[in-house]
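The values are calculated or read from the model by the stated rules, or taken from the named source; none is laboratory data. All values derive from a computational prediction rather than experimental measurement. Cβ: placed from backbone, ideal geometry, glycine included. Neighbour counts: every protein chain shown.
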Amino acid sequence: MDNKKIKAGITVFPGSNCDADVYRVLNSVFGVNASFIWHKDEIKDLKKYDFIVIPGGFSYGDYLRSGALAARSPVMQSVKDYAAKGGIALGICNGFQILLEAGLLDGVMLANRSLKFECKDVYLKTLNTETPFTCAVKKGAVLKMPIAHHDGNYFATESLISGLGRKKSVIFKYCDEKGGITAGSNPNGSILNIAGISNAAGNVMGLMPHPERSSEKILGSEDGGWIFKSIIKYIKEK
Amino acid sequence: MDKTKKQAEKLFGLSAEEYEKISELLGREPDSFELGIFSAMWSEHCSYKSSKVYLKTLPTEGGKVLIGPGENAGVVDFGDGDVLVFKMESHNHPSFIEPFQGSATGVGGIMRDIFTMGARPVANLNSLRFGSFSHPRTPYYLSEVVKGIGFYGNCMGVPTVGGEVVFDECYNDNILVNAFTIGIAKKDGIFLSSKCEVGNIVVYVGSATGMDGIHGATMASEEFDLKKNKKRSTVQVGDPFTEKLLLEACLEAMEKKLIVSIQDMGAAGLTSSSFEMADKSGKGMLIDLDAIPLRTAGMAPVEMMLSESQERMLIACEKEKFAELKAVFDKWGLNCVKAGEVIKEKVIKFYYKSKIYKTLDVDVIVNGPEYKRPLKKPQYLNKIKSVKINNYKIPENLNALAVKIITHPNIASKRAVFTQYDYSIGTATIVPPGFSAAVLRANVNSCKGFLLNAGGNSRYTYLDPFTGGALAVTECARNITACGGYPAAITDCLNFASPEDPEVMWQFAYAVEGIKSAAVKLNTPVISGNVSFYNETAKKDGDKTYVSKIYPTPVIGMLGFIDDAGSAVTPFFKDEGDEIYLLGSLKGSLGGSLYMELAYGDFRQKPAGLDLDYEVRLQNCLRSLINKGFLKSAADISEGGIFTALAESAVTNPEKILGFNVNCDIKALGLRIDEFLFSEFEQAFIITMVQKPDGRRKSETAAILKKYGIKSEKIGVVEKGAMKINGIINLKSGKIKEGYYSAV
C-alpha cells in the first residue's frame, strides 16, 4: 500500500497553531494524504480518514482551561463517534489537553510545576510498543522530542492511575538520556513522569511532546517520526 | 486661550510653538478633537520629527532589498519567488509602566506590521534591557516582560528564536523592550498601505475599540515624571488569540485578492492608519465614526481616534468584494464593518451622529514639524581617556575573576529566559536560541536558510557613540558570519533619552553616523526601524531631583542568508583534540570592558576604534573557511574577551563537557595577561579545525588567509574537563558549565 493512499484528518480550531506543522510533516516527510478539518464543518462521519490528528496550539485562546472549549465543539463530537468505532486519534500537546477535556482520555492537566511555559528537548521512554502509535518503536526505546507548553503537568487519581497501569495505557514517560525515569528528567511535574497515555482500547493517544517537530534529521531529532511511522505501519497491516 | 494652550502641553504633549503652528495652519485655534489628532500625528513617536534629518542619511537600497523604509516593514528578496519582510520596534514606555501587557502588545504590534504586508510571521526576536541585576525591581520586570513576550508569541504560534538580555544600572528607571518579527511572503503577494483607489470602501476589521492606550503615542514621546503610575491607562491590553484569528483572516482575504490596501492600527490607532493610508495613496477618506465597533458605549470621537486597542486593521476594498471579505472575517469570528470610503479630495471627513463632524486636511496633519535640534558634545566624553594599564595592578586571583565574568548576568546563559518562549514551532528552527545567530530554513522541502541576530552595546556607545553605532552592526554581522551566513539587511531600534537635550542629540547623530558607516561597508542596507526617545525619568533623592537617563542604545536586527541551513556552523567545540586557532589580531583594549568594571570598579575608559575595512576582510575570510568546510566551530570575541569566547565554546556543547588547553605567547603580542584574557573590543574569532589537517587543507587554508590578509595562529587544543590558559587560568569545566547555566 502506498502512503499516499492513507488519509489523515487534522482538526483546526480557532487558535490551533501546530496544524500547519503536522500537515507539512505528514504530507512532505511521510507522503501521507493529510488534509484539514475545520472545527465548524459538519462532518458527521470521519470514517473516510484512516487517522485523525488533533494538533497543538491555543484553541480558543486556552481561555477558561486549556482545551476545555475545543472539547465541546461540533467536530469533537464527530471525533468521539470516530473513536468509539475504533478510529485512530492522536492528540499532541493542546490536542492531548482537548482529549482529556473531551473525556476520551483519563486524567487532567495542571500548570507546569515551574508555573512557566517550558520549551526544551526531553527524552521519552516508550513503555508499550503494542499500540497503533508505537508499533514501529523498539521496545524500551528512548526518544528525543521537544516540549512547548504551560499546562503539561499530568495528574490523575490513584484509581485512575492503577487503571491506566492495568490496561498498559501509559505509553510514554519522561526519562533521562539513558532511559532512567528520574525526578530530574520530569520537565513539568507530571505524576509518575507520565508524558503520554492511551485509552483502554488503545486507539486514542495523547502526548505532550511534539513528534512533528522531531521527524527530520535537520531539526536535531528524527525520533518523533517513529510515532507517525507506527501509525502508517499499523494502518498498512490492518 | 492660555488655558487651552496649557492643556495642549500638559495633556497632548505639544509645545507652545507647535500649538502656534497648528493655529496658523488652521487659521484659528484647534478644538480638542483636532488637538488630539495633531498631538498623535506630530508626536515624536509617529512623526520622527527630531530624528528624520539623520535617518535620511542611512543607506536603504542595494543588495537584495526590494522595499526600504516607509511602509509597515522592509522587504528583501529570498529567491524562488519568495521575499522576507522584517522590522524591529520599541515598546519601552508601555513596558516600564506595565511590563506584562507592555511587552506582549509590543510583540503583537510588530507581528501586525509584518502580516499587514501579506507575510506570514515565521520568527520573533527581542532585545531586552533591564536595570542592574541586583536592583530590587529587576526580577519583577524580567519575569513580567518575559512572560508577556511568551504569552503573545507562543499563542500566535510564531517561534521566538533569539535576542539578547542585558542588565545595566542605566536602565534602572527605563527598561527597554525592542521586538523584531520576520515573515515570509510571495514576491507578488505583498500588500501596501499606499494603494487606495477612489471609490474603495474603507473597512474596519478586528477587535472593537476601547478606552485602552489613549494617548499612547504621546506618552511614548515624553520622559517619565514622578507620577508614572498615573499613565497606566495609556498602556494597551493584548489578546493574542484574537490576533491569531486576525492573522489567519487577513492572509486568507489577501490570498483571495479581496484587499486593495491595508494598514494596521498601531500607535495612534485609527488616526495614524487613516491619515497615513490616505496620504500614501494621495487620496482622502470619509470615516463614519458611528460605524466603529466600540467596547465602551459613548466614547467621544477623539477617544475613538486615539484609542490604541490592539488587534485592529484598516482595509481598503473594492465595493463589489466587500461581501466576500466579510464572509472571511465572519468565518474567523471577527468584526468587519464598512467604516467609510476613499475619496479624491485629500481630506478626511469624519461623520458622527450621522452628520459631518470634522473635515481635516491630510497634508496639514501628516506633514508635521521637522527639527534639526541643537547638538553639543557631551561633557563626560572629555573625561573618557585610554586605559593606562600600568596604573592597574593585575589582580592576584585571575581564576576567581574569570569565574565572576563567565557567571556575570550579562555573560551567562539566558536559557531560563528563552525556554519560556516556544522556539521550535514552525519546524524551521535549525539552530535554536543561545548560540551566535538563529538559523532557520525556508520550509520543509528546502534547506535554503536565513539567519537572524539582534543586539547592540550601549556601554561602548556611551563611551564612543560613533563606534558604538558601528559596532552594533559589525557585531550582528559577526554572529551571522560565524555560522557561515552572508549579512543581507538590517532594521534598527534607536533608544535614546530626550532629544531636547543637545548632548543626547549629539550621541544620536554620531551613533547614526556609525551605523551608516558600518552598514555601507558591510553592504547591509537599513530597510526599517524605529526611534524611541525620552527614555529618561525624573527621580527624587531626598530633597534633590535629578534625571535618570539611559545610555544611548542603538539596537540592530540583522538578516543573513545561507545556502544550506543544515551546514551552519555552531560556536561550540565539537571534539577533544580539535585544534584551536585565533583568527584575526588582538588589540588588547580594556576600556569599557566588564573586566575593568569587576577588577577595578570603573569601565569609563576609551575602547579601541573599529577598522571597518579590516572587519570586512576578516568576515569574508572566515566565511570562506567555513564554506570550504574546514571549520568545526567559530565564535566571535566580544563581551568578556577571549577567555569568555573559549569558555562559552567549551560549555555550550549540548552533549558533552569540554575544556581547552591554550598556550599563547602573549609577550610576542605585546599584551599583558589580563589584556589578553579579557579585552573585548576585538576584531577576531576563535575557530577550531580537525587535528592534524592534511597537506591540501593546510595549503588551501593558507591561501584563503593570504587572499584576505588575515592572520591565524594556533593557540591550543580542545580537551576534556578543564580550562587552562598559559598555566595561569585553570578551571574545572563542569563547575563553569553549572555556573554559566544557573546564574540568570
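Here are the criteria: (1) among the aliphatic types (A, V, I, L, M); (2) more than 30 Å from residue A:62 (Cβ to Cβ); (3) assigned to a helix (DSSP H, G or I); (4) at pLDDT 80 or above. Tell me which single one residue B:254 does not satisfy. Only one criterion is unmet by residue B:254, namely (2). From the list A:128, A:112, the lone residue that is within 13 Å of another protein chain (Cβ to nearest Cβ), in contact (Cβ under 8 Å) with a residue 60 or more places away in the chain and either touching a Lys or Arg at 6+ places or on another chain (Cβ under 7 Å) or surrounded by fewer than 22 Cβ atoms within 10 Å (Cβ to Cβ) (or both) is A:112.
Yes/no per residue for (1) of a type in the set (Asp, Glu); (2) in a strand (DSSP E or B); (3) under 23 Å from residue B:463 (Cα atoms); (4) within 26 Å of the chain's Cα centre (by Cα):
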| site | (1), (2), (3), (4) |
| --- | --- |
| B:630 | no, no, no, no |
| B:646 | no, no, no, no |
| B:649 | no, no, no, yes |
| B:656 | no, no, no, no |
| B:671 | no, no, yes, no |
| B:675 | yes, no, yes, no |
| B:680 | yes, no, yes, yes |
| B:685 | no, yes, no, yes |
| B:688 | no, yes, no, no |
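Screening the candidates A:117, A:155, A:172 for the property of being among the aromatic types (Phe, Trp, Tyr), touching a Pro at 6+ places or on another chain (Cβ under 9 Å) and either touching a residue at least 12 places away in the same chain (Cβ under 8 Å) or within 14 Å of chain B (Cβ to nearest Cβ) (or both) yields one hit, A:172. Residues in the stretch B:523-565 that are loosely packed, with under 15 Cβ neighbours inside 10 Å and among the small types (Gly, Ala, Ser): B:542 only.
Please verify whether the stretch A:15-23 includes one or more residues that are acidic (Asp, Glu), closer than 17 Å to residue A:89 by Cα and away from every other protein chain (no Cβ under 13 Å). Among the residues of the stretch A:15-23, not one is acidic (Asp, Glu), closer than 17 Å to residue A:89 by Cα and away from every other protein chain (no Cβ under 13 Å), which makes the answer no. Note on the stretch B:151-163: residues that are under 16 Å from residue B:109 (Cβ atoms) and part of a helix (DSSP H, G or I) amount to 5. Within the stretch A:24-45, restricting attention to residues that are within 25 Å of residue A:224 (Cα to Cα) and away from chain B (no Cβ under 14 Å), the residue that is surrounded by the most Cβ atoms within 10 Å (Cβ to Cβ) is A:37. The conditions of being hydroxyl-bearing (Ser, Thr, Tyr), in contact with a helix residue (DSSP H, G or I) (Cβ under 8 Å, 6 or more places away or on another chain) and either under 26 Å from residue A:86 (Cα atoms) or at pLDDT below 95 (or both) are not met by residue A:129.
Residues in the stretch A:80-94 include at least one that is touching a His at 6+ places or on another chain (Cβ under 9 Å), assigned to a helix (DSSP H, G or I) and under 25 Å from residue B:154 (Cα atoms).
Conditions (1) out of contact with any helix residue (DSSP H, G or I) (no Cβ under 6 Å at 6 or more places or on another chain); (2) at pLDDT 95 or above; (3) acidic (Asp, Glu); (4) over 30 Å from residue B:673 (Cα atoms), marked per residue:
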site: B:377; (1), (2), (3), (4): no, yes, no, yes
site: B:387; (1), (2), (3), (4): yes, no, no, no
site: B:410; (1), (2), (3), (4): yes, yes, no, no
site: B:424; (1), (2), (3), (4): no, yes, no, yes
site: B:443; (1), (2), (3), (4): yes, no, no, yes
site: B:450; (1), (2), (3), (4): yes, yes, no, yes
site: B:454; (1), (2), (3), (4): yes, yes, no, yes
site: B:465; (1), (2), (3), (4): no, yes, no, no
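In the stretch B:230-273, how many residues are β-branched (Val, Ile, Thr) and within 14 Å of chain A (Cβ to nearest Cβ)? Residues meeting the conditions: 2. From the list A:89, A:141, the lone residue that is closer than 26 Å to residue A:221 by Cα and buried (at least 24 other Cβ atoms within 10 Å of the Cβ) is A:89. Scanning the stretch B:657-668 for residues that are out of contact with any Leu (no Cβ under 6 Å at 6 or more places or on another chain), of a type outside the set (Val, Ile, Thr) and in contact (Cβ under 8 Å) with a residue 24 or more places away in the chain turns up B:658, B:659, B:661, B:663, B:664.
Scan the stretch A:64-83 for residues that are within 13 Å of chain B (Cβ to nearest Cβ) and either of a type in the set (A, V, I, L, M) or in contact with a helix residue (DSSP H, G or I) (Cβ under 7 Å, 6 or more places away or on another chain) (or both) and the total you get is 4.
Listed by position, the strands (runs of 3 or more DSSP E) inside the stretch B:403-464 whose residues that are more than 9 Å from chain A (Cβ to nearest Cβ) number at least 2 are B:438-443, B:446-455. For the stretch B:116-150, what are the residues that are away from every other protein chain (no Cβ under 11 Å) and part of a helix (DSSP H, G or I)? B:138, B:139, B:140, B:141, B:142, B:144, B:145, B:148, listed by residue number. Can residue B:327 be described as within 14 Å of chain A (Cβ to nearest Cβ) and either in a strand (DSSP E or B) or surrounded by fewer than 18 Cβ atoms within 10 Å (Cβ to Cβ) (or both)? So residue B:327 fits the description; yes.
Of the residues making up the stretch B:80-116, just one is at positive phi and charged (D, E, K, R), namely B:80. Return the residue satisfying two criteria in turn: it lies in the stretch A:198-218 and is within 14 Å of chain B (Cβ to nearest Cβ) and touching a helix residue (DSSP H, G or I) at 6+ places or on another chain (Cβ under 7 Å), and of such residues it is surrounded by the fewest Cβ atoms within 10 Å (Cβ to Cβ). Per the criteria, the residue is A:218. Which one is farthest from residue A:206 (Cα to Cα), of the residues in the stretch A:38-61 that are among the small types (Gly, Ala, Ser) and part of a helix (DSSP H, G or I)? Result: A:61.
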